[in-house]
Every structure is written in structure tokens, then in C-alpha cells.
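Here's the structure we're looking at; comments come further down.
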Amino acid sequence: MAHVVVVGAGLSGVVCARELVAHGHEVVVRDTGRRPGGRMALRRHDGRVVDIGASYFTVRDDAFAAVVDDWELRGLARPWTDRFTAWTPSGREVKPGPLRWAAPDGLRSLVEDLAGRLDVRSAAPVGRVEVGADGPSVDGERADAVVLAMPDPQARRLLEPGTPAHDVLDDPYEPALALTAGWDERTWPDEDGIFVGDHADLAWVADDGLRRGDRAPVLVAHSTAGRAEQHLDDPASAAGPMLAALREVVEVPDTEPSLVHVQRWTFSRPAHGHDATFHLGDDGVGACGDAWGPTSSVETAYGLSLIHISEPTRRTPIS
């Protein structure tokens with residue numbers, strides 16, 4: 001049995017920890033946040049949940065499908081839609097696609113469900129991961145292995161330059177802002193989600209009332225990286241420009257919204273992604289997550305974390 005520290009309690013970190021525990025290892029998950037979830041985040045407004053991070057997930061892999069079937073059976077996940085609108089300044093068109101799934105209690109609830117029996121230590125940030133002759137250590141405490149389940153820029157800050165993991169974790173991430181806007185009533189046509197093209201400020205709009213199934217008059221708009229970069233020091237200052245952009249795309253009321261909130265995501269999505277599906281060095285330091293694979297998605301974060309554990313490449317295997 002090995003002692004492993006997983007840094008990051010988002011989906012990839014939690015799935016990685018579960019797989020390690022299933023193989024008989026002792027695992028501690030440490031995270032800066034107060035609750036598991038990472039970028040599958042939510043916020044409550046007057047008791048109602050709004051997804052402000054990841055917007056949905058798709059299902060292609062059989063292993064992930066089995067997990068989703070269980071979530072659906074227990075009422076944790078629900079099929080949402082297989083059609084989104086594509087918007088450009090010249091018009092809009094409904095586009096069919098894969099079935100997108102949502103969660104009545106927010107996508108974070110799915111991560112919390114998976115983390116239920118793990119030793120997750122929230123509000124426990126990690127300051128340093130070092131590698132010595134006898135293996136890695138986390139803030140001075142030795143471990144047999146350490147897994148960094150977080151965006152590359154955050155993981156690199158924990159490591160010494162020149163170590164294998166530091167050198168491979170070089171994928172930049174793009175920022176984004178998530179604007180939550182709510183009105184007293186719905187006045188716009190039903191469109192589950194809108195991919196916004198050729199716009200300086202908006203990239204995506206989700207109708208949270210349709211996503212949640214309660215038809216609440218709440219929209220969540222995600223900014224472009226360019227708009228986000230202008231407001232990283234003061235996210236609230238983006239509310240005006242983003243509301244103006246939202247009015248170009250959706251027929252929202254002329255009145256000011258009764259609910260306005262802007263969430264900053266400094267590391268929203270990988271700019272490129274890695275060709276490899278995981279990293280696990282001879283020094284016992286590994287990395288996994290949604291950047292490790294062909295596309296960045298919830299399913300990638302889930303599935304590639306399993307691959308990362310099932311094919312260790314350490315000089316001294318975990319056993």
C-alpha cells in the first residue's frame with residue numbers, strides 16, 4: 001500500500017483518488033476550495049443553484065456512461081438537450097449535436113457524490129511539492145507519489161524548475177468570465193444554449209432555466225478570453241460590457257436585471273492541450289486533468305484520470 005497525495009479536488013483529482021483507493025492505496029486529497037468541484041462550480045442565488053463553471057457534459061465512453069446512468073437513476077443528472085443555436089452577426093442557426101447532460105443540483109454535486117468516501121481536506125492549500133532522493137514530499141511531508149490534478153500554470157507554481165513534471169506542464173490556459181444575469185420574468189425565445197461566433201466579448205450563453213428545468217429567467221454568459229483579460233483584476237467591471245453584448249444575442253428585457261454576478265476564471269480552459277493522456281514521472285510526481293487529451297471536457301477529465309492510474313510508469317511501481 002502506498003501513501004499518495006492528490007492535489008486538487010476537481011473532477012479529475014477525485015476520480016484519480018477513487019481509482020487509487022480502489023487499488024488499495026492510502027489517499028489524501030488536498031484542495032484550496034471549501035468544497036470539491038473545481039471548475040464544475042456553482043453559486044446559489046436566493047436558494048437557487050446556478051452553474052457558473054462547466055456548463056454541461058457529454059457521454060461517449062462506456063465507462064463514463066455507466067457512471068452517468070447511475071447518476072440519472074438517483075436523480076443527480078438529467079438529459080438536457082441535443083440542439084444548440086449557433087449565432088453570428090449575420091444570423092443564427094439551430095445545430096444538432098450530441099446529447100448534453102445537466103445536474104438539477106449543479107454539476108458540482110456530481111463531483112461531491114464521487115468524493116463522498118474519500119479523505120478530502122478542503123481549505124487546505126498546498127504550498128510546495130518537492131522531490132528528494134527518497135521520493136516526493138508535499139509541504140515537507142513525504143509521500144510515495146503525488147498527483148497534480150489542476151491547470152498547468154497552477155501546478156507549475158508548486159514545483160521546482162527543472163523537475164520532469166515542471167518541464168512538461170507548459171500548456172497555457174485562457175481566462176474567461178461567467179456573467180449570471182436574472183430578470184423577474186422570461187421574455188426571450190427558448191434556446192437552451194448559444195455558441196456565439198465572431199464576437200469580441202461573448203463566446204457562449206446558457207439558459208439556466210432550461211438547463212435546470214425550472215424555466216427560471218436566468219442566463220449565464222461566458223466571455224471571450226480577450227474580454228476576460230481586461231477585467232481579471234476587477235471582474236465586476238465586466239458586467240456592463242457583457243450585459244450589452246448579451247443584449248445583442250438574446251432578446252432580454254430592456255430593464256436592468258435583478259441579479260448580476262461575474263465569476264472570474266483565470267484558468268478556464270487549456271489553450272492547446274497535451275498529446276499525452278497523462279504524466280507520471282520516475283520521481284513519483286504525476287499530472288492529470290482535462291488538458292491531457294484531444295479535447296478539454298468533463299468526460300476527458302473523468303476518463304483520462306482513470307488511464308493515468310491504470311498505467312503507472314514509475315521506476316518503483318506503486319504496489
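The values are calculated or read from the model by the stated rules, or taken from the named source; none is laboratory data. Please read all numbers here as calculations on a predicted model, not as lab measurements. Neighbour counts are summed over all protein chains in view; Cβ atoms, including those assigned to glycine, are modelled from backbone coordinates with ideal geometry. Note: accessible area is taken over every heavy atom of the protein model, side chains too, but ligands, DNA and RNA are not part of it. Shrake-Rupley method; radii C 1.70, N 1.55, O 1.52, S 1.80 Å.
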Open item on the list: I need the strands (runs of 3 or more DSSP E) fully contained in segment 31-123, keeping only those with at least 3 residues that are at pLDDT 95 or above and within 16 Å of Trp204 (Cβ to Cβ).
Closed with: 78-88, 91-102
Task: Positions within segment 176-213 being acidic (Asp, Glu) and in contact (Cβ under 8 Å) with a residue 60 or more places away in the chain, in sequence order - done: Asp184, Glu185, Glu191, Asp192, Asp198, Asp208
Open item on the list: Can you tell me which residue is most open to solvent (accessible area, probe 1.4 Å) among those in segment 7-49 that are of a type outside the set (D, E, K, R) and without any contact (Cβ under 8 Å) to a residue 60 or more places away in the chain?
Closed with: Ala22
- [ ] Looking at (1) open to solvent by less than 10 Å² (accessible area, probe 1.4 Å); (2) more than 22 Å from the chain's Cα centre (by Cα); (3) among the acidic types (Asp, Glu), find the lone condition where Asp208 falls short.
- [x] (2)
Open item on the list: If I filter segment 50-66 down to residues being touching a residue at least 60 places away in the same chain (Cβ under 8 Å) and surrounded by fewer than 20 Cβ atoms within 10 Å (Cβ to Cβ), which single residue comes out as nearest to Asp208 (Cα to Cα)?
Closed with: Thr58
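For (1) part of a helix (DSSP H, G or I); (2) surrounded by fewer than 18 Cβ atoms within 10 Å (Cβ to Cβ); (3) in contact with a strand residue (DSSP E or B) (Cβ under 6 Å, 6 or more places away or on another chain), each residue gets a yes or a no:
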{"site": "Ala236", "(1), (2), (3)": "yes, yes, yes"}
{"site": "Met242", "(1), (2), (3)": "yes, no, yes"}
{"site": "Ala245", "(1), (2), (3)": "yes, no, yes"}
{"site": "Glu248", "(1), (2), (3)": "yes, yes, no"}
{"site": "Thr255", "(1), (2), (3)": "no, yes, no"}
{"site": "Thr266", "(1), (2), (3)": "no, yes, yes"}
{"site": "Ala276", "(1), (2), (3)": "no, yes, no"}
{"site": "Asp282", "(1), (2), (3)": "no, yes, no"}
{"site": "Gly286", "(1), (2), (3)": "no, no, yes"}
Open item on the list: Looking at the structure I just gave you, is Ala155 more than 28 Å from Ala77 (Cβ to Cβ), out of contact with any Ser or Thr (no Cβ under 8 Å at 6 or more places or on another chain) and not hydroxyl-bearing (Ser, Thr, Tyr)?
Closed with: yes
Open item on the list: Restricting to segment 211-243, count the residues that are under 18 Å from Arg44 (Cα atoms) and in contact with a helix residue (DSSP H, G or I) (Cβ under 8 Å, 6 or more places away or on another chain).
Closed with: 7
Open item on the list: Here is a list: Asp144, Asp105. Which entry is closer than 20 Å to Phe57 by Cβ, open to solvent by 30 Å² or more (accessible area, probe 1.4 Å) and not aromatic (Phe, Trp, Tyr)?
Closed with: Asp105
- [ ] Say whether the condition of being at pLDDT below 90, polar (S, T, N, Q) and touching a Lys or Arg at 6+ places or on another chain (Cβ under 7 Å) is met by at least one residue in segment 292-311.
- [x] yes
